[in-house]
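What follows is a short report on a single structure.
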Number of protein chains: 2
Amino acid sequence: MDGRPATDQTSPWMPFENRRRARDEKREAVLRTAVQLFLEQGYHRATLNEVAERLNITKPALYNYFRSKEDILFECWALGQEQVDGFIAAIDGSRQAGLGKLRALVHSYAETMATDFGASLVRFDPRDLSPANAKIVRAAKRGIDQTFRRYITEGIADGSIKPCDPKMAAFAIAGSLNWIGHWYQRGGALTPDAIADDFAERLTEGLATARSNKPRPKKPATKTKKSTTKAPTPRRTK
Amino acid sequence: MDGRPATDQTSPWMPFENRRRARDEKREAVLRTAVQLFLEQGYHRATLNEVAERLNITKPALYNYFRSKEDILFECWALGQEQVDGFIAAIDGSRQAGLGKLRALVHSYAETMATDFGASLVRFDPRDLSPANAKIVRAAKRGIDQTFRRYITEGIADGSIKPCDPKMAAFAIAGSLNWIGHWYQRGGALTPDAIADDFAERLTEGLATARSNKPRPKKPATKTKKSTTKAPTPRRTK
DNA sequence: GGCTTATATTACTCATGGGTAAGAAAAAGT
DNA sequence: ACTTTTTCTTACCCATGAGTAATATAAGCC
């Protein structure tokens, strides 16, 4: 994981890069621990003392990496949102009918809901955020909702989806998906993969037109699952 | 506000009854105010001071009616749960196929989600409750989930519902419904009635067998809505 | 009226936990 | 080795809000 050229005193930049990388790794470690604890106990019951304890440091050390508890909460949310932005961009860029895009969206979203940062998108309360951050979150949520509606509208236009109310359909689908974030837990009987496959089919079959109703791939469990929505998500810069 | 028959010394019971009734009314007023505030701001941000303020009393006065903040939270939840218990009992007692029961359940549940106490079922966090109360809540949630699965299983058995995985189907449906509690708000474009009708159809159409696919009643908006699940729910004793 | 009980208020206690100050320890730079 | 910067700790501060004690007020009751 560390194939640097040499022990070199040659480049005074290397240690610098090293340092920044170490810092970012620690930052991420804090977020991973925090998101877990927040999900486990709820944001208000979770204390920074315990976050720190789990990292074998003390509370004030956290303030080297984050400005406040709320800041940590927001960053957790942001990581989840990045995932979503990533696969939405990928699907947007794909060339397929509305129904196909919708299916892809449902699939990816379901998988995301089964991750910690993904679940934080729906388990965290925007009201715990500063007005500025809450605004960002609200905008992002609106964006997701509009993506659902857009694919549905597209599908109706291209004939792959039956005419229906995109607003209601989007609410119903997103509700099912968001709820995954509340009931899914690792090690349960259902794997994220199975859930995503099932939901992608279940939540869209009612919308498909007769002609677009493909004869059910009936995937023979050959683990065709290859790309777990590898999205070109650019790392945040700030 | 005080239409008592007379100044009567005739019945010493009446004042007593009056008093008890007045007390219960105040209790309920507290719960109505509390549930609103809890939904508005979230349980942790909402203070008993503000609950009291909205009732034009002071915080300690609340302790005449409730033992603790958590007690209030639990009672709010319990009122919502009573509604659910009520209509589940009614549907259980009805004589119809599994699909019909499921539709009825979805419809009633959707309506309930659009009420304050109903929303509290999914917006409140059981982890805020004492272990004893949390246990009650968990049991109730399990009960609801099992009811969904039971109707689906019944439907499969009686041929009104296509063979499917009841667990997944229940999760998907309940998720859509629960999410209503998060996005619905009074005065919006969608009325509880419209939502309930739409969801009852939307969430069950995918499960219906061909033969059970009734030709869509197309209710002429005659406000057939009469009994809002008047349930024989006995008032809690303790 | 006077006695009792219910209900409300004012004025507190007190645990909790986010956040800060001052300085030690470790690492980087020279 | 010495200095400087980053990172972390110990020891605090302090706002908040649930819950309590003591007491006043009002209502029911005889």
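Here segment B:157-212 is the region considered, the condition is being in contact with a Phe, Trp or Tyr (Cβ under 7 Å, 6 or more places away or on another chain) and not hydrophobic (A, V, I, L, M, F, W, C), and the residue that is surrounded by the most Cβ atoms within 10 Å (Cβ to Cβ) is B:SER176.
In the set B:PHE66, B:PHE74, B:PHE117, only one residue is closer than 29 Å to A:GLN41 by Cβ and not in a helix (DSSP H, G or I); that residue is B:PHE66.
Name the single residue, out of those in segment A:158-199 being closer than 15 Å to A:ALA110 by Cβ, of a type in the set (Val, Ile, Thr) and over 16 Å from the mean Cα position of the chain (by Cα), that is nearest to the other protein chains (Cβ to nearest Cβ). This residue is A:ILE173. Report yes if B:ARG45 is among the charged types (D, E, K, R) and under 30 Å from B:ALA208 (Cβ atoms), otherwise no. No: the conditions fail for B:ARG45.
Within segment A:29-41, being open to solvent by 10 Å² or more (accessible area, probe 1.4 Å) and either part of a loop (DSSP other than H, G, I, E, B) or within 13 Å of DNA strand D (Cβ to nearest atom) (or both) holds for one residue alone: A:ALA29.
Contact map, segment B:160-186: residues that are more than 30 Å from B:GLN36 (Cβ to Cβ) paired with residues that are charged (D, E, K, R) and crowded, with 24+ Cβ neighbours inside 10 Å, Cβ distance under 6 Å, separation 6+ or inter-chain. No pairs are found. What residue, among those in segment B:43-63 that are in a loop (DSSP other than H, G, I, E, B) and within 11 Å of DNA strand D (Cβ to nearest atom), is least open to solvent (accessible area, probe 1.4 Å)? This residue is B:ALA46. None of A:ARG150, A:ARG95 is assigned to a loop (DSSP other than H, G, I, E, B) and away from every other protein chain (no Cβ under 14 Å) except A:ARG95.
In summary, B:VAL84 fulfils each of the numbered conditions (1) more than 12 Å from DNA strand C (Cβ to nearest atom); (2) within 14 Å of another protein chain (Cβ to nearest Cβ) with the single exception of condition (2).
Among the residues of segment B:117-149, those identified as under 30 Å from B:GLY98 (Cβ atoms) and either among the aliphatic types (A, V, I, L, M) or at pLDDT below 95 (or both) are B:ALA119, B:LEU121, B:VAL122, B:ILE136, B:VAL137, B:ALA139, B:ALA140, B:ILE144. Test A:LEU79 against the criterion of being away from DNA strand C (no atom under 13 Å from the Cβ), within 14 Å of chain B (Cβ to nearest Cβ) and either part of a loop (DSSP other than H, G, I, E, B) or in contact (Cβ under 8 Å) with a residue 24 or more places away in the chain (or both), and give yes or no. For A:LEU79, the condition - away from DNA strand C (no atom under 13 Å from the Cβ), within 14 Å of chain B (Cβ to nearest Cβ) and either part of a loop (DSSP other than H, G, I, E, B) or in contact (Cβ under 8 Å) with a residue 24 or more places away in the chain (or both) - is not met. Whenever a residue of segment B:97-109 is open to solvent by 30 Å² or more (accessible area, probe 1.4 Å), its partners that are among the acidic types (Asp, Glu), lying with C-beta atoms within less than 6 angstrom and at least six residues away or across chains, give the pairs B:ALA97/B:ASP158.
Tell me whether segment A:115-138 contains one or more residues that are surrounded by 18 or more Cβ atoms within 10 Å (Cβ to Cβ), closer than 20 Å to A:ILE195 by Cβ and out of contact with any helix residue (DSSP H, G or I) (no Cβ under 8 Å at 6 or more places or on another chain). Checked segment A:115-138: no residue is surrounded by 18 or more Cβ atoms within 10 Å (Cβ to Cβ), closer than 20 Å to A:ILE195 by Cβ and out of contact with any helix residue (DSSP H, G or I) (no Cβ under 8 Å at 6 or more places or on another chain).
Kindly evaluate A:GLY155 against the criterion of being facing chain B (nearest Cβ under 8 Å), in a helix (DSSP H, G or I), touching a helix residue (DSSP H, G or I) at 6+ places or on another chain (Cβ under 8 Å) and farther than 18 Å from A:VAL35 by Cβ. No, not satisfied.
State all residues of segment A:39-76 that are more than 10 Å from DNA strand C (Cβ to nearest atom) and in contact with a Phe, Trp or Tyr (Cβ under 8 Å, 6 or more places away or on another chain); if no residue qualifies, say none. Result: A:GLU75, A:CYS76.
The values are calculated or read from the model by the stated rules, or taken from the named source; none is laboratory data. What you are looking at is a predicted structure, and each value in this text was computed from that prediction instead of being measured. A quick note on method: Cβ atoms are made from the backbone with ideal geometry, for glycine too, and the neighbour counts reach across all protein chains shown. Keep in mind that these areas ignore ligands, DNA and RNA; they rest on the heavy atoms of the full protein, side chains included. Shrake-Rupley method; radii C 1.70, N 1.55, O 1.52, S 1.80 Å.
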